[in-house]
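Note sheet for the following structure.
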Amino acid sequence: MSVLDKREQILIVAEELFGANGFDGTSVRDIAHKAGVNLAMISYYFGSKEKLLEALIEFRAGYAHGILEELNKDESLSPWDKIDRLVDFYVDRILNNLQFHNIMYRESITMRSDEIRDKLIAIKLRNLEQITKIIQDGRQKKLFREVDIPMTVGSMMGTISSYTQAKPYGCMILALGYDTNDETYRSMLAPRLKAHLKQLLRAHLDIRNAEEHK
């Protein structure tokens with residue numbers, strides 16, 4: 001296994017354990033044992049458990065930013081197509097990476113360090129910049145009305161989080177048993193969540209709706 005593979009393996013294991021047990025409930029020794037490495041290797045790559053968490057956040061967030069950049073550059077898609085793709089991306093990414101999403105959610109509340117706080121805010125702002133470009137393009141093309149973009153994005157993310165952070169409630173809404181496994185829950189939730197968010201954003205963004213209420 002290469003140096004890069006070992007570092008990535010540690011990050012993947014840390015994500016799994018942090019997501020399942022929380023940051024405070026996971027020790028560096030737990031991570032080392034499950035990853036099949038010694039404690040010194042984790043110290044060498046990351047320095048501390050806090051720095052390991054920072055590296056994990058950047059590791060996962062970098063992928064999302066790259067997807068959003070490519071979506072912005074795709075001239076074959078209309079602004080409406082991009083909004084639909086945006087919804088699909090975030091719903092699939094969050095539902096298929098619940099452990100990482102749980103970590104991000106917890107850390108955004110606890111703010112255990114200035115470094116992690118600043119990194120999380122920087123990531124959110126970086127992604128918001130890409131989404132802003134999509135919405136501004138729709139406005140320039142006279143398809144979207146003027147809206148509060150950060151609040152619009154917050155509404156979308158908050159709706160997704162309300163079902164990922166409260167699975168028993170989601171199971172009740174979907175008429176599922178509380179003991180439903182994660183895979184079944186995701187498969188039932190994803191299409192309904194996507195359809196709702198797309199409908200919501202179309203009603204919210206469509207310039208024709210603004211003109212009707214003048």
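Just to confirm my numbers, what's the Cα centroid distance between the stretch 82-113 and the stretch 148-207 in Å? Cα centres, the stretch 82-113 to the stretch 148-207: 12 Å. When Rg and the Kirkwood Rh are both derived from Cα coordinates, the Rg/Rh ratio for the stretch 1-47 amounts to 0.94. For the chain, excluding the exposed loop sites themselves (GluC sites (Glu not before Pro), DSSP loop, at most 14 other Cβ atoms within 10 Å), the longest remaining stretch covers 1-74. Can you tell me which of N127, N38, N96 moves the most in a GNM of the chain? Springs connect C-alpha atoms under 10 Å apart. It is N38.
When the Gaussian network model of the chain links Cα atoms closer than 10 Å, the mean-square fluctuations of S162, S187, S76 top out at S76. What FRET efficiency do you get for K73 and D5 if R0 is 35 Å and r is their Cβ-Cβ distance, rounded to the nearest 0.05? Step by step, r from the Cβ atoms, then E = 0.70. Close amide H partners of D206, meaning residues 5 or more places away or on another chain with modelled amide H under 5 Å apart, are R145. For the stretch 109-184, the list of chymotrypsin sites (Phe, Trp or Tyr not before Pro) that fall in a loop by DSSP and count at most 11 other C-beta atoms within 10 angstrom reads Y178. Two tests apply to each whole DSSP H helix in the chain, Cα reach of 24 Å or more along its axis and mean Kyte-Doolittle hydropathy of at least -1.0, and the ones passing both are 3-21, 49-73, 79-96, 114-140, 182-205. Contact order, relative form, for the stretch 1-47: 36 percent (alpha carbon pairs under 8 Å, 6 or more residues apart, mean separation divided by residue count).
When you filter the trypsin sites (Lys or Arg not before Pro) in the stretch 89-130 for DSSP loop state and at most 14 other Cβ atoms inside 10 Å of their Cβ, you are left with R112. Straight-line cross-link reach from K6 at under 27 Å between alpha-carbon atoms covers these lysines, not counting any fewer than eight positions away in the same chain: K34, K49, K51, K119.
Work out the FRET efficiency for K34 and N96 from their Cβ-Cβ distance, taking R0 = 22 Å, and round it to the nearest 0.05.
0.60
List the relative contact order of the chain as a percent without decimals, with contacts defined as Cα pairs under 8 Å and 6+ residues apart. With pairs under 8 Å counted, the relative contact order is 22 percent. Test of understanding: in a Gaussian network model of the chain with alpha carbons linked when under 10 Å, which of A20, A166, A195 would top the mean-square fluctuation ranking? Comparing A20, A166, A195 in the GNM, the peak value goes to A166. Translational diffusion of the chain was estimated from the Stokes-Einstein equation, with Rh taken as the Kirkwood radius over Cα pairs; at 10 °C and 1.306 mPa s the coefficient is 83 µm²/s. Note on the stretch 131-214: the C-alpha convex hull projects to 6.5 nm² when averaged across all orientations.
All of the numbers you see were taken from the coordinates with simple rules; none came from a lab. Values in this document were obtained by computation on a predicted structure and should not be read as measured data. Don't worry about glycine lacking a Cβ; one is built from the backbone with ideal geometry, like all the others, and counts go over all protein chains shown.
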